[in-house]
Amino acid sequence: MSRVRGLRGATTVAVDTKPEVMEATAELVKAMMERNGVERDDLVTIIFTATPDITSEFPAAAARSIGIVDVPLLCACEMNVEGAVPRVIRILMHIYTEKSLSELRHVYLKDAQPLRTDLTQ
């Protein structure tokens, strides 16, 4: 039985430039979908957040650039927490899947890997 599940992912950019944000976000979206067998029609919504030090581009623009044009996307700013990893883009992807919660493979790339050390990369 197919259910709606939340799939998490995060990545970082070395510098806050439009090309870096676009490339890193597109890489993360693709990795999340590939690692979990998610097809375009399985997508329900995608929420993107970025730390306050990312201002050059909306992360959702990267999803649009790779063909995700008719799925509701939302960008928001992460809390500015002292000591947090800088220049982080996070994704919460709502998907239809038959996988159980424990079967989902959340994706943490680049310097975002330490954010969830309890999850297998």
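Read-outs throughout are calculated quantities, based only on the coordinates presented, and are distinct from any laboratory measurement. Here the structure is a predicted model, which means the values were calculated and not measured. Here the Cβ positions follow ideal geometry from the backbone for every residue, glycine too, while neighbour counts run over all protein chains shown.
Where Rh denotes the Kirkwood radius from the mean inverse Cα pair distance, what is Rg over Rh for the range 6-56? List each step's numbers first, then the result.
Details: Rg = 11.9 Å, Rh = 12.0 Å.
Taking Rh as the inverse mean 1/r over Cα pairs, Rg/Rh reads 0.99.
Can you find, among Leu28, Thr55, Val4, the residue farthest towards the positive end of the dipole of the range 1-102? Put +1 on the C-beta of Lys and Arg, -1 on that of Asp and Glu.
Going by the Cα projections, it comes out as Val4.
Order of Val4, Val88, Val29 from fewest to most other C-beta atoms within 10 Å?
On the way: Val4 11, Val88 22, Val29 26.
Going from sparsest to densest Cβ surroundings: Val4, Val88, Val29.
Normalising by the residue count of the range 1-118, find the relative contact order in percent from Cα pairs under 8 Å and 6+ residues apart. Working shown, then result.
Details: 219 pairs, mean separation 53.4, N = 118.
This gives 45 percent for the range 1-118.
For the chain, what is the charge dipole size about the Cα centre, in debye to the nearest 20, if Lys and Arg each add +1 at the Cβ and Asp and Glu each add -1 at the Cβ?
Numbers: 14 positive and 17 negative charges, 51 e Å.
The dipole magnitude comes to about 240 debye.
Percentage of Cα-Cα pair distances in the chain greater than 17 Å, rounded to whole percent?
Working: 3814 of 7260 pairs.
Looking at the chain, the distances longer than 17 Å represent 53 percent of pairs.
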